[in-house]
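Participant: One structure coming up, written as structure tokens, with questions to follow.
The values are calculated or read from the model by the stated rules, or taken from the named source; none is laboratory data. It should be emphasised that the depicted structure is a prediction, and the values quoted were computed from it without experimental measurement. Note that we place each Cβ from the backbone using ideal geometry, even for glycine, and neighbour counts take in every protein chain shown.
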Amino acid sequence: MALKIVKGSIDRMFDKNLQDLVRGIRNHKEDEAKYISTCIDEIKQELKQDNIAVKANAVCKLTYLQMLGYDVSWAAFNIVEVMSSSKFTYKRIGYLAASQCFHESTDVIMLTTNQIRKDLSSPNQYDTGVALTGLSCFVTPDLARDLANDIMTLMSHTKPYIRKKAVLIMYKVFLKYPESLRPAFPRLKEKLEDPDPGVQSAAVNVICELARRNPKNYLSLAPLFFKLMTSSTNNWVLIKIIKLFGALTPLEPRLGKKLIEPLTNLIHSTSAMSLLYECVNTVYIDVNTPPLPSLSLSLCLYLSLPPQLCVQKLRILIEDSDQNLKYLGLLAMSKILKTHPKSVQSHKDLILQCLDDKDESIRLRALDLLYGMVSKKNLMEIVKKLMLHVDKAEGTTYRDELLTKIIDICSQSNYQYITNFEWYISILVELTRLEGTRHGHLIASQMLDVAIRVKAIRGFAVAQMATLLDNAHLLTGNMQRMGICEVLYAAAWICGEFSEHLENPMQTLEAMLRPKVATLPGHIQAVYVQNAAKLFATVLKSQEGNTDSTAAQETSQLMIDRLPLFVQSANLEVQERASCILQLVKYIQKLQQKDVEVAEEVSALFAGELNPVAPKAQKKVPVPEGLDLDSWINEPPSESESEDEQPKAIFAKEEPKHSRPRREEVDEKELAKRREARKQEQANNPFYIKASPSSQKVYQEAPGVEHIPVVQIDLSVPLKVPGLPMSDQYVKLEEERRQKERAEKKKKEKKKRKEKRSGRGKKHDSGPESEEDITPAHQVDIVTEEMPEKSSKHKKKKQKKEKEEKEKKKKKKHHHHHHHSDGGGEEAVQNGTVEEEEPLLTSLKNKSSTYQVVVSVIFENKCDSFLKSMEFNVLDSLNSKLQRPEGSGPHDGLTVPFQLPPGVSNEARFVFTVQSIIMPQKLKGTLTFIVKDSSTHEKLDFKLHFTCTSYLITTPCYSDAFAKLLESGDLKCSSVRLEGVNMPFHHLLARICFHHHFSVVERIDSCASMYSRSIQGHHVCLLVKVTVSIDAKCDEPTLLGNVLDEIKQTFSQC
Amino acid sequence: MMHFMLLFSRQGKLRLQKWYTATAERDKKKMVRELMQIVLARKPKMCSFLEWRDLKIVYKRYASLYFCCAIEEQDNELITLEVIHRFVELLDKYFGSVCELDIIFNFEKAYFILDEFLMGGEIQDTSKKSVLKAIEQADLLQEEDESPRSVLEEMGLA
């Protein structure tokens, strides 16, 4: 025995230990693999010995080799041997090796169950500790099942060292063997209040992880955690608890309120950045997630930290010189952006600054943020900045990221933020010059999309695409750039489809038939060939107009010369199209030689425009009589027979398919919600065609397909820039344009002020323009009545203004008149002290059957005394009533909420409810006030005139819808002659449009049809003739009569 | 929960790896190689966080050694940095101003320390003192194991 030990010891002296191995590897840098293979051979020998010390040494070396990437799975059994050594030294190494090398599919693991159980119950706590640590790495479902009970017992071990390890490993056990959770949970909960802080924090860790997966089950622990949070000073534990609450609060909103105080305290008191970050993150982000907006609101309120303030705090992080904080600040910011975009947007400067950061991760974060921050106002500026970065960027991945982001940003919500499409096309063209990008197809699809959907841009787009085609060699010259040649696909198609816009179609045709084209990918060649044919048609058309017929023949010859190249293409589609077109051209040539004019017929091949179709068009096609879409075409097979034959288990899953589609299940609310969401989306989409309800009504009655509304999107292109565009210039142009707009606005304002309307100027006076003030250069005409308020704000305002203006003029006159009549009373007031009120109809709001009319009154003090205690009162009629605050009597006046120093004017608004709008209304009213110096009550009488015209809203209408409306026979007819009107016809129309809110539907020589609509949806149609007679139709004859009277009055006054 | 922790040198040599989720050997190698490449390519002034696959990577360089942890989406990056720092402090206390060579030659000790500090990807004990105490006592136990043998060794030599 002694001899054996001695022998073993001597052997050991010559063995390599771990240090020797490491040193050896470091000394054999050149032939490391060879050296290690000899070492592995040695290890194999060592493992064969009985001496456990030798084996442990070998296993230790193997663990090292495993880390270097060598396969040691063959030694798994030896590792188990070392694990089961009674000596801690070897056991430790054995378990370490096992934890590094074993995984679930290691088959010897099942041999370890009993050994591990023995170690777990060892009197030596370090044996147990080592076993637990090892087990945490290689626990399998089997081990978890077999050992769950033992570990559970350890959770109540006397030594905290064991308890905390047992608690932590329970999480792994739960994952592998979920059944153990229920019996273990009470004990785990107990551990939350363990006297040892280590055990406590372990329990918090485990429950936090569990709660993240299924928060519902842990709500009952909230009070306990709350206690922990307020008592613990351990940041590590606090972070976990806050995380846990982040998961719990969405389920129990009341919790949020309770948390506010302790969290606020933490935020204010902690010096640990990690804890602060966690608090801010949890409070504002995890809790602020959309499902509980009310909670987030209350939290913000209670914390008296509005999101802006939170963003402010984040701004401090971002501005920090520590890159890590900067990164985290941006990360948190992007989460806030989802819920509170406005508050983040004000920090655009900072985000843009981050784009210049040296660190790519920070730049990418900033890019993510930018996507949500663009607006009409800043889009160009931001994209310009991004373009600069594209030029500077090293490394294609980041540049590609930039490229996709630019396109994402510009195209989001259907180009919502683009005001100038020429600029966008130029950006796209600039992007094609990127070296080696993978996103050619993305650019191409954008080009196609814009060219098809924005009609006005086509001329410009075609010019650009022609240049691209001409310079195709620049794009394809380098094989690396193959990705970008996708752009040529778009270029060729656009040039072909919209060839009528080409300045020099012949040149483009030649460019498209160059031999080099044959090196392009097949699908692009196919588009080239097809569109060459379209171009050919266009060229022929222009050439046949000339007297010289040879040019046309030469063109045909060019086609015949070049096309065979494509006929030989390996790509089937190219081949097919080329040979088809080649034969066609040959036939054309034959005809040409006989002096037959063919251009018309050739272009007829490609005639017809591709139009976007209204999304609801299909709905408007009436369902043919006798067709019941809900009935079966073939009776479904009777369920009984098939079910009897089929085993139930298989059939059960498919059953729902047999039943009718369960449309009923989507409840009304859900539908309404979806509809709302859809409307919102459509409203944000400038190219979405909105059906006007008036025409819709008509369409439903009209059978046939020809009335499917086809979109007309017309944009006016204000400028033309020759040559390749530089997107920069657009930024400048845009700036100029906006400035001009602003200037005009100001001018208008000044004028207005001169017209004693300074009170109203307030809104526009503010220096920075608001988002709504920016009008797109390419105005998108949308026929709309359905637009939700948000997007139509701008328009509405304008309408309002017009209305006011007109109304005002009238009122003024009216008043003057009035003054004269009541002159006596007023002169008595004071010498020259006269206020003028100008009631202005401002907004009309539907409120069930009654309508609200808001009247803006401008008070101007023309005397030189101070006026105060003004009271406005109107004698109500049956139809129109002044809205008074609750509790006041029907004859009480309303206090005007301001006083007037001499020479100052101000505006007040009063709400009236109106029941019927078909009659004009005159309301008598009085204004009482006190003149400061004399402190006497004075009184001023006035009349408020609600004309029928003021209830009309200018509404555009299509001529076909107009015709249908007239044909429908629902409308009553009336006519009027205007006597003594002596003005050009278009002036006359303009006057009617301006004063009476009509729009011209169609004008044919000496007649014009006009349309308007009342706020209650009455259609009013006019046919105005040069002879100054008006035939009118309306579904409400009284309204019509009154409107006509008012029109007549307008013209009698001039 | 932490998914794994890697220690590697500036030259791209792995010094320590600890996996807290079951991962196949082949995937481990691939992930390690990929991550080392990414982290080593980063410049010193860059932030310590990366998004990689569906994990967040938090790394920090101490002298020539990179400590690199992979955490989940909901985890706190800053606390992970502190975990790394705490581990370095523990190593430093244990070895006495630790250097890369200490970890290379005593890699099993480094593992023991890590195992006392983290378990199953969670912090086991937030107190430095108690971690070090546990290590010391386990080491004592080991020496008790070994001391009789050295006597025998001497006997054998004698």
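Participant: Taking residue A:976, is it buried (at least 16 other Cβ atoms within 10 Å of the Cβ) and touching a residue at least 24 places away in the same chain (Cβ under 8 Å)?
Facilitator: On the way: buried (at least 16 other Cβ atoms within 10 Å of the Cβ): yes; touching a residue at least 24 places away in the same chain (Cβ under 8 Å): yes.
Yes, satisfied.
Participant: In addition: Restricting to segment B:1-39, name every residue that is farther than 24 Å from residue B:115 by Cα and either surrounded by 16 or more Cβ atoms within 10 Å (Cβ to Cβ) or in contact with a strand residue (DSSP E or B) (Cβ under 6 Å, 6 or more places away or on another chain) (or both).
Facilitator: Correct list: B:39 only.
Participant: To continue, here is another question. Keeping to segment A:213-233, report how many residues are closer than 21 Å to residue B:123 by Cα and crowded, with 18+ Cβ neighbours inside 10 Å.
Facilitator: Residues that pass the stated criteria total 4.
Participant: While we're looking at this one, here's another question. Which residue out of A:382, A:418 is of a type outside the set (Asp, Glu) and part of a loop (DSSP other than H, G, I, E, B)?
Facilitator: Numbers: A:382 fails: part of a loop (DSSP other than H, G, I, E, B).
When all the criteria are applied, what remains is A:418.
Participant: Also: Just to be sure I understand, how many residues within segment A:319-345 are among the basic types (Lys, Arg) and within 14 Å of chain B (Cβ to nearest Cβ)? If you could, list the steps in order and put the result at the bottom.
Facilitator: Taking segment A:319-345 and keeping what is among the basic types (Lys, Arg), we get A:326, A:335, A:338, A:342.
From what is left, the residues that are within 14 Å of chain B (Cβ to nearest Cβ) are A:326, A:335.
Number of matching residues: 2.
Participant: Could we say that residue A:509 is crowded, with 20+ Cβ neighbours inside 10 Å and assigned to a loop (DSSP other than H, G, I, E, B) here? Spell out the reasoning first.
Facilitator: Numbers: crowded, with 20+ Cβ neighbours inside 10 Å: yes; assigned to a loop (DSSP other than H, G, I, E, B): no.
Spelling it out, it is not the case that residue A:509 is crowded, with 20+ Cβ neighbours inside 10 Å and assigned to a loop (DSSP other than H, G, I, E, B).
Participant: What number of residues within segment A:299-346 are of a type outside the set (D, E, K, R) and at pLDDT 70 or above? Don't jump to the end; show me each part of the working.
Facilitator: At the first step, the residues of segment A:299-346 found to be of a type outside the set (D, E, K, R) are A:299-312, A:314, A:316-318, A:321, A:323-325, A:327-334, A:336-337, A:339-341, A:343-346.
Filter once more, keeping what is at pLDDT 70 or above: A:311-312, A:314, A:316-318, A:321, A:323-325, A:327-334, A:336-337, A:339-341, A:343-346.
Final tally of qualifying residues: 27.
Participant: Which count do you get for residues in segment A:467-495 that are at pLDDT below 90, under 14 Å from residue A:514 (Cβ atoms), more than 30 Å from the chain's Cα centre (by Cα) and assigned to a helix (DSSP H, G or I)?
Facilitator: 8
Participant: For residue A:965, all conditions in the list (1) under 30 Å from residue A:1027 (Cβ atoms); (2) in a loop (DSSP other than H, G, I, E, B) hold save one; what is the number of the exception?
Facilitator: Failing condition for residue A:965: (2).
Participant: Does any residue in segment B:101-123 that is facing chain A (nearest Cβ under 8 Å) come within less than 6 Å, Cβ to Cβ, of a residue that is basic (Lys, Arg) and crowded, with 22+ Cβ neighbours inside 10 Å six or more places away or on a different chain, and which pairs are these?
Facilitator: Filtered contacts from segment B:101-123: B:120/A:172.
Participant: Could you give me the residue pairs with C-beta distances under 8 Å whose first residue belongs to segment A:346-360 and is within 14 Å of another protein chain (Cβ to nearest Cβ) and within 14 Å of residue A:333 (Cα to Cα), whose second residue is part of a helix (DSSP H, G or I) and hydrophobic (A, V, I, L, M, F, W, C) wherever it lies, and which are 6+ apart or on separate chains?
Facilitator: A:354/A:318; A:354/A:330; A:354/A:362; A:354/A:366
Participant: Within the bounds of segment B:72-94, is there any residue that is within 10 Å of chain A (Cβ to nearest Cβ), more than 24 Å from residue B:120 (Cα to Cα) and in a helix (DSSP H, G or I)?
Facilitator: Within segment B:72-94 (the criterion being within 10 Å of chain A (Cβ to nearest Cβ), more than 24 Å from residue B:120 (Cα to Cα) and in a helix (DSSP H, G or I)), the answer is no, since none of the residues qualifies.
Participant: So, in segment A:187-209, exactly how many residues are assigned to a helix (DSSP H, G or I), within 11 Å of chain B (Cβ to nearest Cβ) and out of contact with any Leu (no Cβ under 8 Å at 6 or more places or on another chain)?
Facilitator: The number of residues fulfilling the criteria is 5.
Participant: I'm trying to understand the selection: among the residues of segment B:8-26, which are more than 10 Å from chain A (Cβ to nearest Cβ) and in contact (Cβ under 8 Å) with a residue 60 or more places away in the chain?
Facilitator: B:8, B:9
Participant: Restricting attention to segment B:20-57, report how many residues are in a strand (DSSP E or B), out of contact with any Leu (no Cβ under 6 Å at 6 or more places or on another chain) and of a type in the set (A, V, I, L, M). Walk me through how you get there before you give the answer.
Facilitator: Let us first name the residues in segment B:20-57 that are in a strand (DSSP E or B), namely B:49-52, B:55-57.
Filter once more, so that each one left must be out of contact with any Leu (no Cβ under 6 Å at 6 or more places or on another chain): B:49-52, B:55-56.
Add one more test, that the residue is of a type in the set (A, V, I, L, M), and what stays is B:50, B:55.
Matching residues across segment B:20-57 total 2.
Okay, residues lined up against (1) at pLDDT below 75; (2) in contact with a helix residue (DSSP H, G or I) (Cβ under 8 Å, 6 or more places away or on another chain); (3) in a loop (DSSP other than H, G, I, E, B); (4) surrounded by 10 or more Cβ atoms within 10 Å (Cβ to Cβ):
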site: A:600; (1), (2), (3), (4): no, yes, no, yes
site: A:608; (1), (2), (3), (4): no, no, yes, no
site: A:619; (1), (2), (3), (4): no, no, no, yes
site: A:622; (1), (2), (3), (4): no, yes, yes, yes
site: A:641; (1), (2), (3), (4): yes, no, no, no
site: A:664; (1), (2), (3), (4): yes, no, yes, no
site: A:686; (1), (2), (3), (4): yes, yes, yes, yes
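Participant: Quick one: which residue in A:187, A:212 is at pLDDT 90 or above and among the basic types (Lys, Arg)?
Facilitator: Values: A:212 fails: at pLDDT 90 or above.
Step by step, each of A:187, A:212 is checked, and only A:187 is at pLDDT 90 or above and among the basic types (Lys, Arg).
Participant: On to the next question. Residue B:53 passes all but one of (1) over 18 Å from the mean Cα position of the chain (by Cα); (2) within 11 Å of another protein chain (Cβ to nearest Cβ); which number fails?
Facilitator: Of the numbered conditions (1) over 18 Å from the mean Cα position of the chain (by Cα); (2) within 11 Å of another protein chain (Cβ to nearest Cβ), the odd one out for residue B:53 is (2).
Participant: Within segment A:911-954, count every residue that is of a type in the set (Asp, Glu), in a strand (DSSP E or B) and surrounded by fewer than 17 Cβ atoms within 10 Å (Cβ to Cβ). Before the answer, list the steps.
Facilitator: Looking only at segment A:911-954, we keep the residues that are of a type in the set (Asp, Glu), and these are A:933, A:938, A:941.
Add one more test, that the residue is in a strand (DSSP E or B), and what stays is A:938, A:941.
Going one step further and asking which of them are surrounded by fewer than 17 Cβ atoms within 10 Å (Cβ to Cβ), we end up with A:941.
Residues that pass the stated criteria total 1.
Participant: In segment A:567-580, which residue that is under 44 Å from the mean Cα position of the chain (by Cα) and assigned to a helix (DSSP H, G or I) is nearest to residue A:507 (Cα to Cα)?
Facilitator: Among those residues, the one meeting the criterion is A:578.
Participant: Can you find even one residue in segment A:1019-1038 that is in a helix (DSSP H, G or I), modelled with pLDDT under 85 and either in contact with a strand residue (DSSP E or B) (Cβ under 9 Å, 6 or more places away or on another chain) or acidic (Asp, Glu) (or both)?
Facilitator: Yes, some residue in segment A:1019-1038 is in a helix (DSSP H, G or I), modelled with pLDDT under 85 and either in contact with a strand residue (DSSP E or B) (Cβ under 9 Å, 6 or more places away or on another chain) or acidic (Asp, Glu) (or both).
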